[in-house]
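Okay, structure first, notes after.
The values are calculated or read from the model by the stated rules, or taken from the named source; none is laboratory data. Keep in mind that what you see is a predicted model, and the values were worked out from it rather than measured. Counting neighbours? That spans all protein chains shown, and the Cβs are built from the backbone with ideal geometry, glycine included.
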Amino acid sequence: MKKLILSAFIATAPFTAFAAGGHGPAGCGLGTEVIFKQANEWHEHVLAATTNGTSGNQTFGMTSGTLGCESANGPLASGVDMFINDNLEQLAAESATGQGETLSALSEMIGIADQDKGAFTLAMKEHFDAIFSSTSDSAQVYDSIVAMMANEQSLSKYLA
């Protein structure tokens, strides 16, 4: 029985390691937030981690910012960093021209009001070289977008 529990914990460790936050060893998710909400014993944490990792709800929670998986990645809305990572090439191409569906979707995710979307797309185009360098990864692009928005009066209000 101990080997089974240890195996379950080891199997879910990769899923819970990056999602633990303030939720203890089990991380965020349905197992922690609903089923084993008052987990105090090690075996309860193992069961919560197993539930979180095997049912896929932890990944959903981190993407949607639900189930106690609030984004701790920065000042922009939850999921923006993952959106940038998943759409980096298309976002770069559209930012160079200042228009496109991916760029529009990014502004929606950030929560930019209609009256400021033109300023956002123009700023992305004007600061293209600073945001997207040849060595940029998605984390650097995210940080560069935050820095650009902080320096733009009409966009700084969207940094939470």
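Structure summary
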| item | result |
| --- | --- |
| Residues of the range 129-147 classified as touching a residue at least 60 places away in the same chain (Cβ under 8 Å) and not aliphatic (A, V, I, L, M), total | 2 |
| Filter result (more than 20 Å from residue 89 (Cα to Cα) and not in a helix (DSSP H, G or I)) within the range 108-134 | 111, 112, 113 |
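Residue by residue, here is whether (1) at pLDDT below 90; (2) touching a helix residue (DSSP H, G or I) at 6+ places or on another chain (Cβ under 8 Å); (3) of a type in the set (Asp, Glu); (4) in a helix (DSSP H, G or I) holds:
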{"site": "50", "(1), (2), (3), (4)": "yes, yes, no, yes"}
{"site": "71", "(1), (2), (3), (4)": "yes, yes, no, no"}
{"site": "75", "(1), (2), (3), (4)": "yes, yes, no, no"}
{"site": "82", "(1), (2), (3), (4)": "yes, yes, no, yes"}
{"site": "94", "(1), (2), (3), (4)": "no, yes, yes, yes"}
{"site": "105", "(1), (2), (3), (4)": "no, yes, no, yes"}
{"site": "136", "(1), (2), (3), (4)": "yes, yes, no, no"}
{"site": "148", "(1), (2), (3), (4)": "no, yes, no, yes"}
{"site": "153", "(1), (2), (3), (4)": "no, no, no, no"}
